[in-house]
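Have a look at the structure below before the remarks.
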Amino acid sequence: MKLYRINALIIRHLYLFKRSLPRLMDIFFWPVVELLLWGFLSLYLQKFKLDGLNILTVLLGAIIFWDFLSQSQRSISTSFLEDVWERNLLNIFVTPLRVSEFLVSSVILGLFRIILVGLVMTMLAFFLYHFNIFFFGFLLIPFVLNLLVFGWALGLFTTSIILRYGTAAQVLAFGFITLVQPFSAVFYPVSVLPHSVQFLAYMIPSTYVFEGMRAVVAGGHLPANLLWGAVITNIFYIVLNLWLFYHMFARVKERGTLMKLD
């Protein structure tokens, strides 16, 4: 793995950000709209003093965390799709570039996007709603890291499906994560889900993250059982989806359809 090749891919994508309004909107506009929507809703619900629960903290924290997950997933999927749309994928992989270097550059680019989104949303949440996400210090960091890893696993999965079925499956890059949201207990505890589907929720790492976030908010302590649940399920999904991606990529190369991916 060569750092200069990874650096070249990152710089290439950063240049694209300078000249693309949709890419900038994906980082600055849509997350801000979500924050405003849920922020004002949280202020309204907070007036009812529901069981002494801090609605503002729970909902704003949830939406910021969810955007972290969305950005980490899209960083993998869209960086791959951009090369497909521009018919540049073959040009990239006829070079000495390795698949691992391509994936690492996508992850680093995703971290850059997440840092920007996090800065914008945390600053707006503080100035508009007096919400300080750093109030709980380092307790939330392990859960944030698990969210990012799960996002990368989802990005690998959607990219693998696009490799197999072409751009006819590109909607998964933008819509698949919404299928995960209802079972991730983002805005409500797992206990409100029907008993018949609760087991599905506990098969998803993000469920443990959002349950853990609420535990930190409510009790100010780090729930080790939820953290380990997120770590173990993340290991399973990241290994499985890495294998799937490499398998699909090798199959596409063998069939000679990499240059015909559309």
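The values are calculated or read from the model by the stated rules, or taken from the named source; none is laboratory data. The shown structure was predicted, so the numbers you read here are calculated from the model rather than taken from an experiment. Please note: Cβ atoms are built from the backbone with ideal geometry, for glycine as well, and neighbour counts cover all protein chains shown.
All of Phe187, Phe210 fail the test of being crowded, with 17+ Cβ neighbours inside 10 Å and either part of a helix (DSSP H, G or I) or at pLDDT below 85 (or both), apart from Phe210.
Yes/no per residue for (1) surrounded by fewer than 18 Cβ atoms within 10 Å (Cβ to Cβ); (2) within 18 Å of Gln73 (Cα to Cα):
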| residue | (1), (2) |
| --- | --- |
| Gln198 | yes, no |
| Leu226 | no, no |
| Ala230 | no, yes |
| Trp243 | yes, yes |
| His247 | yes, no |
| Ala250 | yes, no |
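Before we move on, is Ile177 more than 15 Å from Leu163 (Cα to Cα) and at pLDDT 90 or above? Here the answer is no, as Ile177 does not meet what is asked. Among residues of segment 1-13 that are in a loop (DSSP other than H, G, I, E, B), those with a beta-carbon under 8 Å from a residue that is among the polar types (S, T, N, Q) and surrounded by fewer than 13 Cβ atoms within 10 Å (Cβ to Cβ) at least six positions away or on a different chain give the pairs Met1/Ser100. Among the residues that make up segment 170-180, is at least one of them in contact with a His (Cβ under 7 Å, 6 or more places away or on another chain) and either buried (at least 19 other Cβ atoms within 10 Å of the Cβ) or more than 19 Å from Leu14 (Cα to Cα) (or both)? Checked segment 170-180: no residue is in contact with a His (Cβ under 7 Å, 6 or more places away or on another chain) and either buried (at least 19 other Cβ atoms within 10 Å of the Cβ) or more than 19 Å from Leu14 (Cα to Cα) (or both). For segment 61-81, the criterion of a residue being at pLDDT below 75 and either within 25 Å of Arg12 (Cβ to Cβ) or touching a helix residue (DSSP H, G or I) at 6+ places or on another chain (Cβ under 9 Å) (or both) is satisfied by no position. Comparison of Val144, Val120, Val104 shows that the only residue that is surrounded by fewer than 21 Cβ atoms within 10 Å (Cβ to Cβ), under 19 Å from Phe187 (Cβ atoms), under 17 Å from the mean Cα position of the chain (by Cα) and touching a residue at least 40 places away in the same chain (Cβ under 8 Å) is Val144. Among the conditions (1) touching a Leu at 6+ places or on another chain (Cβ under 9 Å); (2) within 20 Å of Ser70 (Cα to Cα), the only one that Thr233 does not satisfy is (1). Taken together, the residues in segment 120-167 that are among the basic types (Lys, Arg) and in contact with a Phe, Trp or Tyr (Cβ under 6 Å, 6 or more places away or on another chain) amount to 0.
Condition check ((1) touching a residue at least 40 places away in the same chain (Cβ under 8 Å); (2) under 30 Å from Ala168 (Cα atoms)) across all residues:
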| position | (1), (2) |
| --- | --- |
| Pro189 | no, no |
| Pro205 | yes, yes |
| Val209 | yes, no |
| Pro223 | no, no |
| Val239 | no, yes |
| Met248 | yes, yes |
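Listed by position, the helices (runs of 4 or more DSSP H) inside segment 51-163 whose residues that are within 14 Å of Val217 (Cα to Cα) number at least 2 are 55-85.
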